[in-house]
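Novice: Attaching a single structure in structure tokens format; questions to follow.
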Amino acid sequence: MFVDLVGGFGTLFGDPVTVFFVVLAALIGIVFGALPGLTASAAIAMLLPLSFHMGALQALAFLYVIGKSGRYGGSIAAILFNTPGTAASAATMQDGFPMTQAGRSGKALRTATVASIFGDYFGEFILIFGAVYIASFTKTFGPTQYFSIYVMAFVVIGSVVGNSILKGLLSTVFGGLVGLIGEDVITGEQRMTLGIPELESGMALVPLLIGVFVISEVIVQAEKAAKVTLNKTNPALVDQPDSNYFTWNEFRKCFPIMCRSSMIGSVIGMMPGLGSSVACFVAYGEEKRRSKTPEKWGTGIVEGVAAPESANNAVSGPSMIPLLSLGIPGSTIAAVLIGVFIIHGLQVGPQIFDDQNQIIVGVQVMTSREFIFALFAAGLVGIAAYGIIGYWAAPFIGRTIALIPQNYLYPFIFATAIAASFSSRSSIADVGFAIFFGVIGYGMRRTNFSAAAFIIAFVLAGNMEEAFRQAMMISDNGLLNFVTEPISASFLAIGLGMLTFRISKQLRKIKVPKN
């Protein structure tokens, strides 16, 4: 495997344009992550049309690194303005902003950078070794096993994302229904198209993503514009030279915290639907519990920045393991990337590690295994790129964003989103779909339905239906085949067990009224 990774670096650096896109993605992700409210998913949705004009490796490396650097970028707004750029940085501001108020913003930002790099590398190596190992077992799976895996994913994602099990499951069902619009996978007949020609081949991914992640956020920010302003601090306090660096002694003190938090983030990342926002709070709470001085947490200490930042960035790599080993996205970013794989003619799943599977990348012919290790190499280079940019330029990026009036920023983002939705297929109908799903996404936010569950279900629905239909055609036992086949039954049991656990946990929270 080490030889494969070295070969991946050789493939990556053999194409300077791809390396350029990796570095550019590191910068773009940081900027988008630092914009309050906008996430890495929103950045990827807006830039997805560009990937149609890139080579396969360039496109996937570009969007993958944006996802990584976007998670880190959220810490900039959290630390400087007490406003998390992404949900994954919400725990960071508990100690990050007090450090800024005390004139130690430079130390807080550099702590976040080092912790993010540490966690991201930790998770990336788990991805590299874990995905290959799991794929070696799953490559023999057939449609029966895959259908059960999809059912498990739907149940787990629907039940664990958000506070309400019912709303999570309804979001999943809604995403699945939208994903089934278009041609029947077996008969080719049209369904649920409402007579709209643009829906005959199914709902396009780009306008849906732009609507749910970008336009809905613009509506939310428009609501907040009259009420909320960024918390700004006295520049004289922020720029104390003696407090700008994350020292070696502080690193040694935080090292065990970053190790434990990275492990927490990696485990959570492998569970479909949980994501960085869960990891950061779990790691923060666990390290505060273990601390000998828990009363200092929340007052501005480096440990309180290192724990959530290493955890939320450690999610990035492991969240790709279900995608690469099973074809199931473990996060919204992975759900978008599966679309990019398909656009460039690459089948996601255990077969992607097959060294006999030849693919054409630009003018090069390589195996899919060589391709995927080149993508891993791009991820490792991307972490170093956003680490270098963030360590030296994070304060500048943050203060530049603070100078941009929001009444100019978000209209510009809205116009860019509209242009991106049109450019994917040069269709004015896609603009309408983007606005429609923007309103839907806004409604989901206001009513606490899960956009993440909706998107992941949308992406999986077609594959799930195809696996079900194929399994029924080759089965002599009908539906019983899903529970009599051991592997299939195991996945169904995991889904049922997770749902039962979540329901019982919520029932325990319901207080019985006293007589």
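Novice: Can you tell which of K68, K107 is open to solvent by less than 10 Å² (accessible area, probe 1.4 Å) and either touching a residue at least 60 places away in the same chain (Cβ under 8 Å) or among the aromatic types (F, W, Y) (or both)?
Specialist: K68
Novice: A further question follows. Of all residues in segment 312-356, which are polar (S, T, N, Q) and open to solvent by 10 Å² or more (accessible area, probe 1.4 Å)?
Specialist: S331, T332, Q347, Q351, Q356
Novice: What are the residue pairs meeting all of these: first residue in segment 139-165, first residue within 19 Å of M271 (Cβ to Cβ) and open to solvent by 20 Å² or more (accessible area, probe 1.4 Å), second residue aromatic (F, W, Y) and modelled with pLDDT of 85 or more, Cβ atoms under 6 Å, and 6 or more apart or on different chains?
Specialist: Correct list of pairs: M152/F491.
Novice: Still on this structure: Return the residues of segment 116-139 that are among the aromatic types (F, W, Y) and more than 19 Å from Y72 (Cα to Cα); say none if nothing qualifies.
Specialist: If the condition is that a residue be among the aromatic types (F, W, Y) and more than 19 Å from Y72 (Cα to Cα), then F129, Y133, F137 are the ones that fit.
Novice: Just name the residue that is surrounded by the most Cβ atoms within 10 Å (Cβ to Cβ) out of those in segment 74-104 that are over 15 Å from V302 (Cα atoms) and hydrophobic (A, V, I, L, M, F, W, C).
Specialist: So the residue we want is A88.
Novice: While we're on this one: Any idea how many residues of segment 12-37 are at pLDDT 90 or above and either over 23 Å from the mean Cα position of the chain (by Cα) or open to solvent by less than 10 Å² (accessible area, probe 1.4 Å) (or both)?
Specialist: Count: 10.
Novice: Would you confirm whether any residue within segment 450-468 is within 17 Å of V155 (Cβ to Cβ) and free of Cβ contacts under 8 Å to residues at least 40 places away in the same chain? It would help to see each step written out before you state the result.
Specialist: Filtering segment 450-468 down to residues within 17 Å of V155 (Cβ to Cβ) leaves 450, 452-461, 463-465, 467-468.
Imposing the further condition that a residue be free of Cβ contacts under 8 Å to residues at least 40 places away in the same chain reduces the set to none.
No: zero hits.
Novice: Would you mind finding the one in A91, A115 that is not polar (S, T, N, Q) and not in a helix (DSSP H, G or I)?
Specialist: A91
Novice: With the requirement that a residue be open to solvent by 10 Å² or more (accessible area, probe 1.4 Å) and either under 18 Å from the mean Cα position of the chain (by Cα) or within 15 Å of T172 (Cβ to Cβ) (or both), what does segment 437-446 give you?
Specialist: Listed by number, the residues that qualify are I440, M444, R445.
Novice: Those residues that are touching a residue at least 40 places away in the same chain (Cβ under 8 Å) and either among the hydrophobic types (A, V, I, L, M, F, W, C) or buried (at least 18 other Cβ atoms within 10 Å of the Cβ) (or both), I need them from segment 407-417; list them, please.
Specialist: Answer for segment 407-417, where residues must be touching a residue at least 40 places away in the same chain (Cβ under 8 Å) and either among the hydrophobic types (A, V, I, L, M, F, W, C) or buried (at least 18 other Cβ atoms within 10 Å of the Cβ) (or both): L409, Y410, I413, F414, A417.
The values are calculated or read from the model by the stated rules, or taken from the named source; none is laboratory data. None of these values were measured; they are calculated from a predicted model. So basically every Cβ, Gly included, is an ideal-geometry build from the backbone, and we count neighbours across all protein chains shown. The accessibility values were calculated without ligands, DNA or RNA, using every heavy atom of the protein model including side chains. Shrake-Rupley method; radii C 1.70, N 1.55, O 1.52, S 1.80 Å.
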